[in-house]
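Presented below is the structure to which this report refers.
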Amino acid sequence: MVSLLLFGITALVAPADTASAPAVLTLDQAIRIALDESPTVKVADLEVQRAEFAKKGSYAMLFPQIGASASYQRTIKKQVMYMGGGDDDDDSSGGGMSSMMSGILDPIMYYINELYKGTGVPFVPYVPKPSTDDDSSDGGIAVGRWNTFNAGITATMPLINAQLWQSLAISGESVDLAVEKARSSRLEMVNQVKQAYYGVLLAKEANHVYKSVFDNAVQNLELTQKKYNASKASELDLARAKTTVANAVPNLFNSENSIYLSLWQLKAIMGIDLEADIDVKDSLLVYSGGMSSVLNESELSLSGNSTLRQLEIQADQLANTVKMQQYAYLPTLSLAFSYSLNAMTNDFKFEEYHWTPYSYVGLSLSIPIFSGGQRLNDLRQTKVQKSQLAIQRENTERQLRIAIRQSLSTMETAVKSHESALDALESAQKAYDIAAKSYEIGRSTLTDLDAAQLALTQAQLAASQAIYNYLVAKAGLESTIGADYTADNTTK
């Protein structure tokens, strides 16, 4: 059973075929891939483009707005026009029209008849012909035609509009806000990649420790087996040695699984295929050399913090919004132009239509007088938002100061813990070597050797954990102060 167990573990930890070796990435390469492939960063960049297009769209309001229109109307019932008195007039409706025409034409015809009386021309009094138009009623005159066509072009352009000009400044600040949000996404992405990368390194260090524990347990089992065969060790010691090997197996399995999960998390954050075969190049010991340089809080500034920058841009937007709402009380002046063609016919013979043009150009002055208090209340609402934003910024800055202090405290604690873990590791390694040698010559028990192994394991894990805590705290600190990541793995 022990042989089969050893064979299975050996197959588990055996190196992979060099033909299918994974792609080994450094931290700088992982960050650059994440900045290029991460969906979060891509969405942030597209948001910047959207804001730029919105800004260009707002500038378009300064140019003439030109539009064309066309219409067709079919008259169902024509309008009727009446001339003469109303219902109380004796001379009403058609009679009124006839009386009016008779009152005008009869005297004229009388004088003509008197003028030509000697010539023998008889006098023929004028009698108006009754209306026979089917569209008229009660003697009214139907006006209009059955078909009406209209086509034209209009143009308007603002000449003086202070509210519109101020809105352009707000559009420009919207672009700045989108750019800063994209920068915030990159800072957060760099922080997440660093933490995931360091997590893989920690998992590999833990796997190295537990593999060493397993190898030591196997060697002790082989030594105990030889002693037992030579009647120099009891059956109890042999059982304890087998138990130690069996107890080391789950930790080794868990550490292997932690490496796989950490790599999957790193690939997910980087935005690459989860089935891609990758590995990390460095080890935690590489980063232990820079753990002695801990910054002071007074040396750090929040001027580069993305959250505070976004709040400052939003404050500027609200200030410009207040001005824009105040400008709503000012008059506006605009230029207008229109040109149209009209045709009214009773048929559809387009080649015979007579199109009548109509055009004008003019100035339009709009003076706001009363809006029921809407402009005033909008202005008050924006001022309240400014007060809220000022309080939010003060509280955010306070929380960021706390975060900086926590990061510095964690880094300082990690440095001290690492120094202590190194001392403990040196002592534990020496104690284990002595215990192993003593057990080999029969001057100590297997229990003493297991205790020394446990102390050594704890010291090794503590040293790795201290380095990991320091690196994670440092990455969080760089993200808090807004230190931009550069290609040469430095911050500025």
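Every number here is computed from the coordinates shown, using simple stated rules; none is lab data. It should be emphasised that the depicted structure is a prediction, and the values quoted were computed from it without experimental measurement. No Cβ is skipped: glycine too gets one built from the backbone with ideal geometry, and neighbour counts run over all protein chains shown.
How large is ³J(HN,Hα), in whole Hz, for each residue of region 198-215 in order, when computed from phi with the Karplus curve 6.51 cos²θ - 1.76 cosθ + 1.60 and θ = phi - 60°, using x for Gly and Pro?
Once rounded to whole Hz, the list reads 5, x, 5, 4, 5, 5, 5, 5, 5, 5, 4, 5, 5, 5, 5, 4, 5, 4.
Which peptide among 206-218, 463-475, 397-409 comes first, and what is the full order, when sorted by highest mean count of other Cβ atoms within 10 Å?
On the way: 206-218: 19.6, 463-475: 22.2, 397-409: 15.0.
Listed from highest to lowest mean packing, they are 463-475, 206-218, 397-409.
For region 374-478, what relative contact order do you get, as a whole percent, if you take Cα pairs closer than 8 Å and at least 6 residues apart? Intermediate results must be reported in sequence, preceding the final value.
Values: 63 pairs, mean separation 42.1, N = 105.
It comes to 40 percent, rounded to a whole number.
Show the residues, 5+ positions off or on another chain, whose built amide H is closer than 5 Å to the amide H of Ile278.
Counting only residues 5 or more places away or on other chains, the set is Ala23.
Could you go through region 463-470 in sequence order and give the Karplus-derived ³J(HN,Hα) for each residue, using 6.51 cos²θ - 1.76 cosθ + 1.60 with θ = phi - 60°, rounded to whole Hz, and x for Gly and Pro?
Here the 3J(HN,Hα) series is 5, 5, 5, 5, 5, 4, 4, 5 Hz.
At what distance in angstrom do the alpha carbon centres of region 229-244 and region 295-370 lie from each other?
Taking the Cα centre of region 295-370 as reference, the centre of region 229-244 is 90 Å away.
What ranking, highest mean first, results for peptides 163-172, 422-431 when packing means the other Cβ atoms within 10 Å averaged over each residue?
Top of the packing list down: 163-172, 422-431.
Ala473: net charge of surrounding residues, Cβ under 15 Å, Lys/Arg +1, Asp/Glu -1, itself excluded?
+1
List the residues, sorted by chain then number, that are 5 or more residues from Ala233 or on another chain and whose placed amide H is less than 5 Å from its amide H.
Tyr228
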